[in-house]
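Heads up: the structure comes next, in C-alpha cells.
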Amino acid sequence: MTSLSKGAALVRQAVLAAGLILVAGSTWATAAEEAYEPAITKQLWSFAGPFGKFDKAQLQRGYKVYKEVCSNCHSMKFVSFRNLSQAGGPGFTEEQVKALAATVKVQDGPNDNGEMFERPGKASDRFPSPFANPEAAKAANNGAVPPDMSLLAKARSAEKSIYTWPINWLLQYQEYGPDYIYSLLNHYGPEDSKVCETGYYNTAYLGSRPCFAMPKPISDGQVTYDDGSKETVEQYSRDVSAFLMWAAEPKLEERKETGFKVIIFLIVFASLLYFTKRKIWANVAH
Amino acid sequence: MSGHSTYVPGTAFERWLEKRLPIISLVHDSFVSFPTPKNLNYFWTFGAILSAMLGWQILTGMVLAMHYAANDAVAFASVEHIMRDVNYGWLLRYGHANGASFFFIAVYIHIFRGLYFGSYKEPREVLWILGMIIFLLMMATGFMGYVLPWGQMSFWGATVITNLFSAIPLVGSSIVTWLWGGFSVGDPTLNRFFSLHYLLPFMIAGVVILHVWALHVVGQNNPAGIEPKSTEDTVPFTPYATSKDVFATVVFFVIFAWFIFYVPNYTGDPDNYIEANPLATPAHIEPEWYFLPFYAILRSIPDKLGGVLCMFGAIAVLFVLPWLDTSKVRSATYRPLYRQFFWILVIVSVGLGWLGAQPPEGGYVIASRLFTAYYFIHFLVILPLLGLIETPKPLPTSISEAVLAKNGHQPAHT
Amino acid sequence: MATTTHDTPEPSRRDFLTIATIATGAVGVGSLAWPFIDQMEPDASALALSSIEVDISQIQPGQIVTVKWRGKPVFIRNRTDKEMAELKNTPPGDMKDPQPDSARVKKGHENLLVVVGVCTHLGCIPLGHSGSFDGWFCPCHGSVYDASGRIRKGPAPLNLAVPEYAFLNDKTIKIG
C-alpha cells in the first residue's frame, strides 16, 4: 500500500515536472519570435460554415478585379473560362462566358502547314498566363515569380496558434487563405516607409520581417463596379479573396451540400444500429 | 479455427461445396460462431473500424489511380484535374487523403488499447508482432502516398525521409541514389513510389489476414485480461460483436465525413498546394501529423545516424515489447502502478507529436530530448522493473465475475 | 454456446427494427456506390471539348478529309457529280440498313458527306476510295460501304454514323 502510493506520488511529480519544462520551453521559444507578429484578421465570409455558399455578385466583382489587376502578373492556369458558368461559381451565363473567352488570344496548332496560329479564346480554354515561363515572370518582377493563383487561397495559412488549432476542425475554420489574402492587401504601410531594404512594407506578411515582394497592387477607384458596390481597396480585396477561394475550391458548395446529407444519413443509420445492437445485447450482462 | 466447427451445411449445394472447399464453415467459424468475450468495450471495435478503413482506402485509391498520372510534369495537374473535372473527384480525393489520417487515428487507438490491456502478452506475441508489421507497412504506404500529389511538402518530405538512409555508414549515399533512381528526388522516384503505394495496401491486407488468423487461434483479449473459462464468459461473434462493430464503424464515419466535407484540408499542409519546386524548400517543413512523434525523436538527437537509429528504435522497441513487460497480469485495470505510467506514456507520445510540429530550436529541443528519453525509459526500464515491484489487485476468477463486479453485483440489464 | 445459456432473443428474427436498419444500410451502400460509378463517365474537361469547327472550303471534289472529333476520325467527303449520279440511281430498298442518300446529308450541301469513320461492326477504321462500291472498305472483317457510307456487303450491321453537325456558314461546319 505504501509503496503503491509512493509510486503514484512519484508519477504525479514526474508529470508535473515534464509539464513545467514543456511550458517553460515553449514560452522561451515564442519569446524569441515575438519581434514581429503579422496582423491577420479573420473575416466573415458567405462561404464559411456548413451551409456556406459563394456570393455570385461578389465572385463576379472579384473576377473583374482579378482580370483587370492581378492577371497582369499572376497566372491562374488550372481555371478555364467554362468554369465561370458552372454550378456553384460566379454564375455567368454561357453566352457571357463565350464573350469573355473571345476577348483573349490563344495559341493553337499546328495547322495543316505545321504552323502555330492564334485564335480567339473558347469556353474550354484555360485562363491565359501573363508570362511564357517562370523565367520570364522572374525577369519581369525583380527576381520574384508571382505565384500561380489557381490554388493560392488554399496554399497560404495564417493559423498556427496552439490554442485554436485543436478546435478549428469543430468550428470548421477553413478560410485562413482568404483571410490572409484580404489582410495582405489591406496592410500595406506608408509608401515612404524605410523599414524594408528589399520588398514593400506590409504588416500582414507572414515572414520573419514585414517586407513583402509584391508592391501595392491596387488603389481606390481603380476598378469600376457596375453594381454600385464601393470602389475601395477594402471592397476590392474582399471580393478578390472570395474569388480566389472559389478558384481554389470550385466544388465547395457541392461538397458542403453533399456533406450535410451524408452526415444526417449516417447519424440516422447510427441511431438505428445503436438500438439494434442494444436489443441484441439486451439479455447479456456485459 | 480452433476446435470443432459448429457449422452444419443446410442445403445440398452447401454439403457439396463443404467437401471440396470448406470456405463457408471457415467464415462461419471465424465471424459467426467465434466465441467472443462478452465484456469487450468499445475500444475493441477498432479492429473492425480498421478493416473498414483499409477497404475504403483501397476502393478510393483504385479509382483515383484511374485519373492520376505518375509523372513529375503532370502529377500536380492531374490531381487538380481530379479535383475540378472528374465526376465526384473532389469527394474521392478528399476521402482518400483524409482516409489516411483516420486510418492512423484508428490504428493509434487500437495500439494504445493493446498497451493498456496487455494484449501483447503471452500467448498473443505473434498477433502483436503481426500488428506492428501492419503498422510499419501503413507508415510506408502513407509516406509514399503523400508524395504522389507532387506538391512542395510531397517533394521535400520525400527528400528528407529518403535522406534518412544516407545515415547508414559506407553505403548510405549509394542506397539513397538507388532509392531515387537519380541524383535527387525526381520522376523515377515518383513512378516507383506510385507503384509501391499501389502494391503495399495489398500486402497490408495479406498481413491483416495473418493477424486475424492469429487472433482466432489465441482468442481475443478482454478488459479483464483473463481467459474465458466457460461458455458463460463468451457470446457468439455474430450477432453480438458484429452489431457493435458496425455501429461503432458508422459513428467513426460520422466524424470522418465531417472532415471530408467540412474541413478537408485540416490535416493537410497548405504548402502542398504549391507545385513541387526542387530549387526552394518551404520555410517550415514537417511530415503529416501521424509521423510527428517519430519526427520529434529523429530531431531530438544531435547526431545524424543516432537520430535515425532512435527513430527506428522507437518502433523496434514495440516489436520486443512482449518480452520487456515482466508482469504476468495483462489488464491495467488490475495494475495500479502500470496504469499511471500508461497515461504518462500517452501524454509523452502526444507531447512528442506536438513537439514534432514546432521549430527545432530553444526549449522545444530540450523538451523533445526529455520526452524521447522518457519514451525509451518507459519500455526499457520501467516496464521490466514494474512487473517485479508492483502488487497487482486481485484478479477476478472469471469474466462473468468481472462483469458482475463492474455492474455492482446486480444482474444487469444494459 | 452462450445463446442457449443466456436465453437471448433469436438473432435471425426479422422484426421491424432489424429490417429498418438493414434497409437503411442498403440505401447507404447503394448511394455510396454512385460516385464510384459516375467517376468513370467523361469528365467536365472532356465534355467541354465535345464539339469542333472545320473549314470545308478547301476540300476538292473527290477528296476525303479526316478530322479528329471526340477521339475518333470523322470523314468529310466532297463527292463528285459522277458519284452523286451513281448514288441517285441506286434504290436503297434491298440494303441491309436502308436509307436514301438525301437523309444522310444537309439540304443545299448534298455533295458533302460527313460520317464517323468507325466501322459499325467492331470499331476499325475503314479505308477510303476502296471496295467494290468506291466508298469505304474495312480491312478488319471485309465490310464494304458505298460513297454514302451505307453498308452494302460484309458483317457490319449499320451504315457509318452521321454525327450531329451544322453549317455555320458556307465555309464552316460545326461537328457536335
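Values computed for the structure shown
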{"item": "Test set (1) touching a residue at least 12 places away in the same chain (Cβ under 8 Å); (2) at the interface with chain A (Cβ under 9 Å from one of its Cβ atoms); (3) farther than 27 Å from B:E361 by Cβ; (4) among the hydrophobic types (A, V, I, L, M, F, W, C) - B:V263 fails condition number", "result": "(1)"}
{"item": "Pick from segment A:139-191, criterion at positive phi and touching a residue at least 40 places away in the same chain (Cβ under 8 Å), ranking: nearest to the other protein chains (Cβ to nearest Cβ)", "result": "A:Q172"}
{"item": "Strands (runs of 3 or more DSSP E) lying entirely in segment C:42-81 (those with 2 or more residues that are within 14 Å of chain A (Cβ to nearest Cβ) and at pLDDT 90 or above)", "result": "C:64-69"}
{"item": "Complete set of residues in segment A:230-258 that are among the acidic types (D, E), within 12 Å of chain B (Cβ to nearest Cβ) and either assigned to a helix (DSSP H, G or I) or free of Cβ contacts under 8 Å to residues at least 40 places away in the same chain (or both)", "result": "A:E253, A:E254, A:E257"}
{"item": "Selection from segment B:235-258 of residues that are hydrophobic (A, V, I, L, M, F, W, C) and facing chain A (nearest Cβ under 7 Å)", "result": "B:V235, B:V246, B:F247, B:V250, B:V251, B:F253, B:V254, B:A257, B:W258"}
{"item": "Subset of segment B:355-375 [among the aromatic types (F, W, Y) and within 18 Å of B:A283 (Cα to Cα)]", "result": "B:Y364"}
{"item": "Helices (runs of 4 or more DSSP H) completely within segment B:268-346 that count 2 or more residues being hydroxyl-bearing (S, T, Y)", "result": "B:292-300"}
{"item": "Strands (runs of 3 or more DSSP E) enclosed by segment C:109-160 - at least 2 residues per element that are under 18 Å from C:Q99 (Cα atoms)", "result": "C:112-116, C:134-137, C:144-146, C:151-153"}
{"item": "First in segment B:294-309 and aromatic (F, W, Y), second anywhere and not in a helix (DSSP H, G or I), Cβ under 9 Å, 6 or more apart", "result": "B:F294/B:P287; B:Y295/B:E286; B:Y295/B:P287; B:Y295/B:A357"}
{"item": "Residue within segment A:204-226 that is outside any loop (DSSP other than H, G, I, E, B), at pLDDT 95 or above and touching a helix residue (DSSP H, G or I) at 6+ places or on another chain (Cβ under 9 Å) present", "result": "no"}
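Here is a yes/no grid of residues against (1) within 30 Å of C:L47 (Cβ to Cβ); (2) in the same structural domain as B:V403 (by TED's automatic domain parsing); (3) in contact (Cβ under 8 Å) with a residue 60 or more places away in the chain; (4) out of contact with any strand residue (DSSP E or B) (no Cβ under 7 Å at 6 or more places or on another chain):
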| site | (1), (2), (3), (4) |
| --- | --- |
| B:Y7 | no, no, no, yes |
| B:F13 | no, no, no, yes |
| B:K19 | no, no, no, yes |
| B:S33 | no, no, yes, no |
| B:I49 | no, no, yes, yes |
| B:M62 | yes, no, no, yes |
| B:A69 | yes, no, no, yes |
| B:V74 | yes, no, no, yes |
| B:V79 | yes, no, yes, yes |
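So that you can scan it fast, the table gives a plain yes or no per residue for (1) in contact with a helix residue (DSSP H, G or I) (Cβ under 6 Å, 6 or more places away or on another chain); (2) at pLDDT 95 or above:
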site	(1), (2)
B:M1	yes, no
B:G10	no, no
B:K19	no, no
B:I23	no, no
B:F43	yes, yes
B:I49	yes, yes
B:L54	no, yes
B:Y68	yes, yes
B:D72	yes, yes
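The values are calculated or read from the model by the stated rules, or taken from the named source; none is laboratory data. Keep in mind that this is a model prediction, so the values were computed, not measured. Neighbour counts run over all protein chains shown; Cβ positions are idealised from the backbone, glycine included.
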